[in-house]
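Notes for the one structure printed next.
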Amino acid sequence: MSVLKSWTGGMLILLALAGGSRADTTVSQSNDPTQVPEQGLMALLFHERTGLDQVPAERVEALTEAPKPRRGFWPWSRKRDEKPAEITAAWLAAQPQPTGDAQFQCLAQTLYHEARGESIPGQVAVAEVVLNRVDDPRFPRTVCGVVKQGSSQGCQFSWTCDGRSDRIGDRAAWDRAARIARAMLDGAPRALTDGATFFHTRAVKPGWAKRFEQTVRIGGHTFYRRPDQTALN
């Protein structure tokens, strides 16, 4: 009976899609074990074909069309046993003009003001630090909260309190930073810094660095995480 019910359900759905078209159907409810099931199946298949013929072609096409990726879908593999793909200049250039909310703006501005002179991996690494902090309960839960976090010792990201203008003077650099920010917020793999939540330029040697585990150097920055911290993504 489960097979018959399955075919019956499919037939009724097709009839409904046909805009209310009806077909006479007779489904046996008998529990007689001597009944030949093939006869019932043939009748159901005939009625199902009749219902399908009445469904408009455009409706069938719409139902069978593969769903289009939504914005924010990241097409690259993120399986642990596969090497993640890299964000490249060519890929960034092929993406639509990036837009977003306040969180996007905060990340894009951080990449622009803190790392616009860095390579693409260098900017991706800085974005990883911001997003790793968002995932760490010891930091604020939003990108803007992380970026604008401050203390009596100063700001976590110097561009937010260095007294300089935050005006965007280099449009090309801003476009690249914004595209990287959009990609990272949309789920690009964080595969460069091994869960780092801190970084500094190579030109300085802050005292706090001795208390943390260095994970990588990329461009002009050195990245760290707490000794008890593992990769967050």
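The values are calculated or read from the model by the stated rules, or taken from the named source; none is laboratory data. Just so it is clear, the structure is predicted and the values come from calculations on it, not from any experiment. Note: ideal-geometry Cβ built from the backbone for every residue, glycine included; neighbour counts use all protein chains shown. Surface accessibility is based on the protein's heavy atoms, side chains included, excluding ligands, DNA and RNA. Shrake-Rupley method; radii C 1.70, N 1.55, O 1.52, S 1.80 Å.
In plain terms, the chain from Asp228 to Lys148 could stretch by 26.3 nm, reckoned as 0.36 nm per residue minus the Cα-Cα distance.
In this structure, Thr88 and Arg217 have a Cβ-Cβ separation that, at R0 = 30 Å, corresponds to a calculated FRET efficiency of about 0.90. Atom-type composition of the exposed protein surface of segment 146-188 places 41 percent of the accessible area on carbon and sulfur (1.4 angstrom probe). For segment 80-140, the average shadow cast by the Cα convex hull is 5.6 nm², which is a quarter of the hull's surface.
In this rough spin-label picture, where each label sits 7 Å from Cα along the Cβ direction, the Gln105-Cys155 distance is 1.5 nm. Using a probe of 1.4 angstrom and keeping all protein chains present, the accessible surface of segment 79-233 works out to 53 square angstrom per residue. Multiplying each eigenvalue of the alpha-carbon gyration tensor of segment 103-233 by 5 and taking the square root yields semi-axes of 21, 17, 15 Å, largest first, rounded to whole angstroms.
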